[in-house]
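Quick notes on the structure that follows.
The values are calculated or read from the model by the stated rules, or taken from the named source; none is laboratory data. What you see is a predicted model, and the numbers here were worked out from it, not measured in a lab. Please note: Cβ atoms are built from the backbone with ideal geometry, for glycine as well, and neighbour counts cover all protein chains shown. Side chains included, ligands, DNA and RNA excluded: accessible areas come from the protein's heavy atoms. Shrake-Rupley method; radii C 1.70, N 1.55, O 1.52, S 1.80 Å.
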Protein chains: 2
Amino acid sequence: MVAGPLPAPSGPGKDRLRLWVRLLRASRSIEAELRERLRQEFNTTLPRFDVMAALYRAPEGMLMSDLSRFLLVSNGNVTGIVDRLVSEGLVARARRNGDRRTSMVRLTEEGSKTFAVIAAAHESWIGELLGNVSEDEARRLTGMLNSFRSNWEGRE
Amino acid sequence: MVAGPLPAPSGPGKDRLRLWVRLLRASRSIEAELRERLRQEFNTTLPRFDVMAALYRAPEGMLMSDLSRFLLVSNGNVTGIVDRLVSEGLVARARRNGDRRTSMVRLTEEGSKTFAVIAAAHESWIGELLGNVSEDEARRLTGMLNSFRSNWEGRE
DNA sequence: GCAAATTATTTCAAGCTTGAAGTTTCATAA
DNA sequence: TTATGAAACTTCAAGCTTGAAATAATTTGC
């Protein structure tokens, strides 16, 4: 990935390839910047933020497998991140709810407060980092990105 | 990141936030699919592919720091990936070139042949995964992505 | 020349990530 | 019942990733 801008190849399919390369470089750049700021300002990480963001939207809690599906990461991965959030007191596992295999995961009160602060900063960072995109352009881009999502979504 | 489609919040900056979420989900989905195929079909990984792609475009070789800068990953990271590629015989380090701190890294002949095969498959996968995007639309999207890159690029 | 700063790289610990294998629990049905 | 299969998680090894510290080599300023 991240093949570069130098030779500018042409041919059938090259435009899609170039699009993919740009897409990847864009998201990697932004991710890197966000990761850095989360670390510096809040001493946390992107995966923790992702998990907390998902849980913030689900006050009733989520199953581990819900989290895994929603965040597009593996089951085992979520286990580790939630473990760390639990040890930080930001998240709690609630066993017992009929099915003893599952555990409802939710933000603690502290987790919820902490997340609200971080999320506000996060949103303003995005506004800054995507400052060159007008709100109107953002809507159009979002629509275009949406359109080609269906092509592979729900495959695996 | 990867906050979801459910509540659809609004307000200033929300469109940029939504754009970022879509961008991230799109690239993660595609990355996951590519990773899976690289593993299944070629028994390799995305980071290895990235390094080989960079080197393929630089027959004269690249410094470790060039690779790191180009791929947007840390120095230490490149060391590990190149180590593995070297042990697989796909890449070679050539010390001695005036400055004894540096090492020119380049594809071996086998590495070059191997990469050509994988790259062909990779390009056709992209064509397939981005099949919903017309070539024309791809060019426009690429342009838009390009436009907001300058905003943070060259920061760190 | 030579100390100090800079540059290129590696090493390291901690955390993220995956896919596969293992555990526990639940559901089904013979 | 009870086995057998499926589902929800966890564990694990291997690899990726980062930022910081350590090494080594070069360059700069005096």
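Which residue is it, in chain A, whose C-beta lies closest to the A-to-B rotation axis, and what is that distance in whole Å?
Result for the A and B rotation: A:SER27, 2.
For a test of the definition: using alpha carbon positions, the gyration tensor, and the 1.5 limit on a/c, classify the range A:16-73 as rounded, prolate or oblate.
Oblate shape, in that a/c is at least 1.5 and b/c is the bigger or equal ratio.
Between beta-carbons, use under 10 Å as the cut-off and find the net charge around B:VAL73, counting Lys and Arg +1, Asp and Glu -1.
Charge balance near B:VAL73 sits at +1.
Between rounded, prolate and oblate, where does chain A land on the alpha carbon gyration tensor, with a ≥ b ≥ c its root eigenvalues, rounded for a/c under 1.5, else prolate if a/b exceeds b/c?
prolate
So what is the 222 nm mean residue ellipticity for chain B from helices alone, if each DSSP H run of at least 4 adds -39500 (n - 2.57) and you divide by all residues, rounding to the nearest 500 deg cm²/dmol?
That comes out to -20000 deg cm²/dmol.
Over both sides of the A-B contact, add up the buried accessible area with a 1.4 Å probe and give it to the nearest 100 Å².
Roughly 6900 Å² of accessible surface disappears when A and B pair.
Along the charge dipole of chain A, Cβ charges K/R +1 and D/E -1, which of A:ASN43, A:VAL105, A:ILE30 sits furthest on the positive end?
Positive-most Cα among the choices belongs to A:VAL105.
Computed over the Cα atoms of the protein assembly as shown, what is the convex hull's projected area averaged over all directions, in nm²?
Answer in nm², one decimal: 17.8.
How shielded is B:123-135 by partner chains, expressed as the average number of their Cβ atoms within 10 Å of its Cβ atoms?
Averaged over the peptide's residues, the number is 6.
Which whole number gives the average count of other chain Cβ atoms within 10 Å of the Cβ atoms across peptide B:28-35?
Taking all residues of B:28-35 together, the mean is 5.
Could you list the GluC sites (Glu not before Pro) in the range A:42-149 that lie in coil according to DSSP, counting only those with at most 10 other Cβ atoms within 10 Å of their Cβ?
Those that pass, being in a loop and sparsely packed, are A:GLU60.
In square angstrom, rounded to the nearest 10, how much accessible surface does A:ILE118 have for a 1.4 Å probe?
Ignoring ligands and nucleic acids, A:ILE118 comes out at about 10 Å².
Just to confirm, what accessible area per residue do you get for the protein assembly as shown at 1.4 Å probe, in whole Å²?
Per residue, the protein assembly as shown has 50 Å² of solvent-accessible surface.
So how far apart, in nm, are the two label points at B:GLU110 and B:ARG84 if each is 7 Å from Cα heading toward Cβ?
Taking the simple label geometry, B:GLU110 and B:ARG84 are separated by 1.7 nm.
Quick one: angle between helix B:46-56 and the longest Cα principal axis of chain B, in degrees between 0 and 90, rounded to 10, please.
60
Please average, across the residues of B:56-68, the number of beta carbons from any other chain that are within 10 Å of each residue's own beta carbon, and give a whole number.
1
How large, in percent, is the carbon and sulfur part of the accessible surface of the range B:52-123 at a probe radius of 1.4 Å?
Carbon and sulfur atoms account for 53 percent of the accessible area of the range B:52-123.
Please report the equivalent ellipsoid semi-axes of the range B:52-123, computed as sqrt(5 x eigenvalue) of the Cα gyration tensor, largest first, in whole Å.
20, 14, 11
For chain B, with a Gaussian network of springs between Cα atoms less than 10 Å apart, report the residue from B:THR45, B:THR79, B:THR108 with the top mean-square fluctuation.
B:THR79
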